[in-house]
1. Expressed as a fraction of 2.2 N^0.38 Å, the rule-of-thumb size for a compact globular protein of N residues, what is the C-alpha radius of gyration of the chain?
2. Using the Karplus curve 6.51 cos²θ - 1.76 cosθ + 1.60 with θ = phi - 60°, work out ³J(HN,Hα) for each residue of segment 141-152 in order, rounded to whole Hz, and write x for Gly and Pro.
3. Are there GluC sites (Glu not before Pro) in segment 48-156 that DSSP marks as loop and that have at most 11 other Cβ atoms within 10 Å, and which are they?
Amino acid sequence: MADAPDDPTIEAMRPEDVEAVAEMERISFPTAWQAETFRRELANPIACYLVARCQGALAGYLGMWVVEDEAHIATLAVHPDLRRRGIATRLLRAALSEARRRGASRATLEVREGNHAARAMYEKYGFTAVALLRAYYPDTGEDGVVMWLNPIPPPDEDAPPAAGGGGA
């Protein structure tokens, strides 16, 4: 995995991706979503789940919900061997492009206060910290930072088209 190129393909998550996504979730987060959660999300009409692939192998994933004019980034992870190579940024750009396509004009997310790399990436993309949620993450008691992007910028010319779960 460490030799995979930095230019992933971004596409809609498929049911056959769920087990690999759930495994990446387990190695990425102290409390992981189960495979069944991802299966339910793929059937959720407001959900959009994307995967990044490098040389055909799963490199990362992102899940969001789009409700009316608001996109909520629910989860984002990149394989530990492939972090800091722009894969999360590509997933985020593709998701925000899809959110705009679905009618969203703003986006929000929560991130662990101590996840400085993720927070820096979101800030670089224009997200602003607007609130602190005390002890938001029950697994560690860590605070959560609420971040907003308003408005969602126009899609990048080089961002790949995104599709996703939930009937897209």
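Every number in this text was worked out from the coordinates using simple rules, so none of it is lab data. Just so we're clear, the structure is a prediction, and the values are computed from it rather than from any experiment. Cβ placement follows ideal geometry from the backbone for every residue including glycine, while neighbour counts extend to all protein chains displayed.
1. Cα Rg divided by the expected 2.2 N^0.38 Å: 0.96.
2. x, 5, 6, x, 10, 8, 10, 10, 10, 8, x, 5
3. GLU68
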